[in-house]
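The values are calculated or read from the model by the stated rules, or taken from the named source; none is laboratory data. What you are looking at is a predicted structure, and each value in this text was computed from that prediction instead of being measured. In this analysis, Cβ positions are derived from the backbone assuming ideal geometry, glycine residues included, and neighbour counts consider all displayed protein chains.
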Amino acid sequence: MRIGVFPWTVAAFRVAGLIVAGFVFDAAAANAMTAHEIMVCSDGASKVGDAKSELTMTLTEAAGGQRVRKMQMMTKLQSDGIDNKRIIRFLSPADIKGTVSLLIEKTGGDDDMWIYLSALKKVRRLVADNKRDSFVGSDMTFGDIIGHKPTDWTHVLLREDVFDGNQVWVIESVPKDNQVKSQTGYAKRLTFVDRRSCIALKSDYWDETGALLKTIRASDIVSVDSVAKKWQFMHIDAVNQQSGHGTVIHFDLYQANQGISDDVFTPRSLEKDR
Amino acid sequence: MLFQFVRAVIVCRRWIFAATFLVTVLALSYCSRLHIVIDPVEILPQSHPFVASKSVLETVFNEKYALIVAVAPKSNMPYDAAVLGKVQRITDGLRSAQGIVRSTLLSVSSQNAKAISGAEDGFKVTPFRTVLDQPERLRELFNDNPLYQQTIVSTDRRMFAVIAEFDPDPMGYAAILSRVSSIIDRERDETVSIAVSGHVSLLGEIELYSARMIILAPIAIILIGLVLFDAFRSFQGLFLPLATANLALIWVLGAMGAAGFSLDVFNVSTPILILAVAAGHAVQILKRYYEEYDRLRESGRSPEEANHEAVVASVGKVGRFMIAAGLIAAAGFLSLTIFEIKTVKTFGIFTGVGILSALLIELTFMPALRSWLKPPAWPQRARQKHGMWDFIIARIVAWTPTRKPFVFWLLATGVAIFGAMQVRIENSNKDNLASWTKARVEDAIINNSFSGTQALFVMLDTGRDDGVKRPDVLAGVEALQRGLEKIPGVGKTVSIADFLKRMNQAMNGNRADAYVVPDTLELAGQYLLLYSMSGDPDDLKSYIDFTYRRANIKVFVRRDESPFILEVVEKAKEIIKVSMPSDVEVRFGGGVAEAAALNEVMVRDKLLNILQITAVVFVAAGLLFRSLFAGALVMLPLLITVIFNFGLLGWLRIPLNVPTSLISAMAVGIGADYAIYIISRYKEELARNPDHALSRTLDGAGKACLYVAASVAVGYGALGLSFGFKAHQWLALLIASAMFVSAFAALSLIPALLQRFRPQFLFRQSKGE
């Protein structure tokens, strides 16, 4: 018996076949990824052309005291597709309102940073060994926020696992040399990379003496650029295991690819945009 | 009744032995439960302002117990590469040391030591560790950042220090010192000299010196035994008083362990008191036993009969006064439990129960044991006559009817009072060690090159978040720092204001006139935000709390004597009154402040202890003899002993501090017993033969007092050999003085007063009897 086949059905099957094949291919490709490739994927997972966000940062000390800061952040990927320009404007509390910082990341060199202090009405270039310095007083370093350059580390895929209901790769990374160790302040990292988004859902960090230093967890992962397959966490919390400090950053607003002008990311603009 | 009791004890001696054995084994098993408190501050009343601030200091500002390691080249080379390498390795080693508070680790190679530099358009934060190989750059950075001068680098830039804070260790400061010494010692070589100081080092060294007691105490006990052997010329004389004393000690330690009491560092010398009191009672009974034994043998009794009867007679005749004296002393010490301070309560219970244990042993185990032992040889010439003791007793007997005892004691007490009036109340941890000891020498090296090895902390609480950023508060901090730095002995002060001033200067093109505190709250807040961007959240934790409500000013001091610390505190209060906004609450704390508090509280309470025990002894002795005069008589040697102890402190320039006040409080526990034994024996001898009452009293009870005083004084004189550790030498001197003064005052003054005033309580009753 001959069965009649409608043209749209054939098309539908072809599409379905491609999708299934795509998934199979993706899965096969994913399975074939090396630890280094996974970390490269993770490093680029959130790098969008530009983004504008508003966030609330809550800092908590071991004894329970809290400081809450609201900030506006804009980022723009530089032409190399690796480094970002990042501008952070503090909205509250009142005493630091109007303070703005500008960070121009430079892979392989010291980042450039400028700060505008509204109380002083001056822009100053801030030169610091900032990869291991605290990100605006939080428990994360600038290095944690910018991302640790995958080529500086030796990565080993320990296992595949499930973390918070997500399929993850568990990668152990150790610095390639003492300079990287000294610059980042870490002797080892253990990263739980989400297989779907490549976002690091959990990262444990060991300090230079080999003691567990902190744990950073990301959650509420959303797709922010479906074409370029970019994802962004909306919530992140870091806990310093040694001091008991904690930092929670919640994104109240996140908009990717808004066409932000390069002019925004200049030292002059800090003063203008107050 | 007591006679019947002793006879029953002798009959049931096997049961007594078994019971004593069981109680002792049980006590020994409970001794292991005895918890020993190392941290002296835990013992203090937490309400004392300097102590109450401890929790704020530790939890808010991470200030614990400091250790300072300083490395200098043997040459005159500043910024010596080898020295910097060693400092780096010591810093790295200490970072992973157990118990360290990592955020407080500070040295030229620690992450949190950062130089702030300013230029026309820029602001640079440079961790010193990144330029260790550039001596010129290091010099420049240190010159621009006075904050770090004399804290991590010496004035001549030769010596570099590593400062670390440690959590208290349950095993004490010496345990911390031993853990870090391997990290430090491996850097020692012929090219550098390394000095160690700070609270951990000083107290750790004091603990190590105190541990000499493990060797010195047995030597003291052996010497006590030898003197008693010389006195009694028998092995019983050597062993039995020591057996009573040691058994009493085991029992009381066991009882304290079973009851869950803890033993603190201030009670480590209390066993000496128990030993002296217990041996005192034991010697009185033993002395009487020999007297009775000799008398019974002279009357023709067989050795066994005489032995049994002497045991019964000695305990029967002396026992009731021993019970009375023991109960009075125990009541005096147990009355100390009304004090708030735990260590005083412990001292009271420890000594009170120790004395009661000694009484029980002397009334049960010792008669049982003596009745079981082989009777002594007789006639025992050596026991009956030997030069020194009889010579002393004969002199006192000859002295007593004259005015000489009164003249002597009046003059001597006057001299002692004059000395006592010059006593300095002063506690200094450093002063426990001789100036030539390694710890003191190294402390002096660091003290001379840096701003001070000790720190006093002034903590401000503005009452609301961000209060420290207020310009008026920062101006107050600035005024306080500059004012305190004028006091000789204060090396340097460091606070959040110093960081803000430096940032202000750097942000204003390094202009000299911009080295001032920010003039608005916002600017201070923004500088703090800026600093937090170039460091770790804990970088400023020593100076400011998380919500910027509280601030901490570190006042580095080169001296740690309590009057000096109190002077700094008073000066600070004066400045605060004028310069600080009135809504800012101020507290003082830190190791040196705690030591000053400890001294203030302990000395005051120990003086009150002395008064209280004296009062209890006066009332109880008055009741015992039913005479106020008797109460006063018993109190007299005790008072003279205390006055002499204070006189010695004054004349020999020994400070009245925690250890010396403890010894003085112990001295009051000794004198009363002697007086009671002398009075009671005199009463007994008066009834027997008034003509020989004095000589027989002094030859019997008096000589026993002399034996105990001499043996304990000689025994503890061994502590004088603890070279370098003044606390032991003070103990040796003051215990010896207390023993001799209390014995001679009781022996010479009481019979003289009794003969001169012929009090009714004694002469009427004796006539009646």
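Quick notes
- Subset of the stretch B:398-422 that is aliphatic (A, V, I, L, M) and surrounded by 20 or more Cβ atoms within 10 Å (Cβ to Cβ) - its residue that is nearest to the chain's Cα centre (by Cα): B:ALA420
- The stretch A:72-127: number of residues that are of a type in the set (A, V, I, L, M), touching a Lys or Arg at 6+ places or on another chain (Cβ under 7 Å), closer than 28 Å to A:VAL40 by Cα and touching a residue at least 60 places away in the same chain (Cβ under 8 Å): 2
- Of all residues in the stretch B:57-104 being over 21 Å from B:ARG139 (Cα atoms) and aromatic (Phe, Trp, Tyr), the one that is farthest from the other protein chains (Cβ to nearest Cβ): B:TYR65
- Condition met for A:GLY143 (within 10 Å of another protein chain (Cβ to nearest Cβ) and either within 26 Å of A:LEU77 (Cβ to Cβ) or not in a strand (DSSP E or B) (or both)): no
- Which numbered condition A:GLY137 misses (of (1) on the phi > 0 side of the Ramachandran plot; (2) surrounded by fewer than 20 Cβ atoms within 10 Å (Cβ to Cβ); (3) within 14 Å of another protein chain (Cβ to nearest Cβ)): (2)
- Cβ-Cβ under 6 Å pairs, at least 6 apart or on other chains, the stretch A:38-59 side closer than 13 Å to A:THR151 by Cα, far side modelled with pLDDT of 95 or more and assigned to a loop (DSSP other than H, G, I, E, B): A:CYS41/A:CYS198; A:SER42/A:CYS198
- Per this entry, B:SER582 is not counted among residues that are closer than 24 Å to B:SER201 by Cα and among the hydroxyl-bearing types (Ser, Thr, Tyr).
- Every pair of residues 6+ apart whose Cβ atoms lie under 9 Å, when the first sits in the stretch B:77-88 and is in contact (Cβ under 8 Å) with a residue 60 or more places away in the chain while the second is part of a helix (DSSP H, G or I) and basic (Lys, Arg): B:PRO78/B:ARG139; B:TYR79/B:ARG139
- Selection count, the stretch B:67-99, where residues are out of contact with any Ser or Thr (no Cβ under 7 Å at 6 or more places or on another chain), surrounded by fewer than 21 Cβ atoms within 10 Å (Cβ to Cβ) and in a strand (DSSP E or B): 0
- Test for B:PRO537: is it in contact with a His (Cβ under 6 Å, 6 or more places away or on another chain), in a loop (DSSP other than H, G, I, E, B) and within 10 Å of chain A (Cβ to nearest Cβ): yes
- The stretch B:110-128, subset within 16 Å of B:ALA512 (Cα to Cα) and of a type in the set (A, V, I, L, M, F, W, C), residue nearest to the other protein chains (Cβ to nearest Cβ): B:PHE123
- Unmet requirement for B:VAL200, which otherwise passes all of (1) closer than 20 Å to B:ILE355 by Cα; (2) buried (at least 24 other Cβ atoms within 10 Å of the Cβ); (3) at pLDDT 90 or above: (1)
- Filtered residues of the stretch B:87-99 (kept if among the β-branched types (Val, Ile, Thr) and closer than 15 Å to A:GLU208 by Cα): B:ILE90, B:THR91
- In this structure, B:ALA220 does satisfy being surrounded by 22 or more Cβ atoms within 10 Å (Cβ to Cβ) and closer than 20 Å to B:LEU721 by Cβ.
- Count of residues meeting criterion [away from chain B (no Cβ under 14 Å), surrounded by 19 or more Cβ atoms within 10 Å (Cβ to Cβ) and assigned to a strand (DSSP E or B)] in the stretch A:182-201: 7
- Residues in the stretch A:214-230 that are touching a Gly at 6+ places or on another chain (Cβ under 9 Å) and either in a loop (DSSP other than H, G, I, E, B) or at positive phi (or both): A:ALA228 alone.
- No other residue among B:ALA310, B:ALA324, B:ALA276 is crowded, with 22+ Cβ neighbours inside 10 Å and more than 19 Å from B:ILE214 (Cα to Cα) apart from B:ALA310.
- When A:LEU55, A:LEU59 are checked against the criterion of being within 13 Å of chain B (Cβ to nearest Cβ), assigned to a strand (DSSP E or B) and under 18 Å from A:HIS235 (Cβ atoms), A:LEU59 stands alone in meeting it.
- Subset of the stretch B:447-470 [in contact with a Lys or Arg (Cβ under 8 Å, 6 or more places away or on another chain), assigned to a loop (DSSP other than H, G, I, E, B) and under 27 Å from B:PHE564 (Cα atoms)]: B:SER451, B:GLY452, B:THR453
- Yes/no for B:VAL180 being in a helix (DSSP H, G or I) and out of contact with any strand residue (DSSP E or B) (no Cβ under 6 Å at 6 or more places or on another chain): yes
- Output for the stretch A:105-117, where each listed residue is touching a strand residue (DSSP E or B) at 6+ places or on another chain (Cβ under 8 Å) and either part of a loop (DSSP other than H, G, I, E, B) or away from chain B (no Cβ under 11 Å) (or both): A:GLU105, A:LYS106, A:ASP110, A:ASP111
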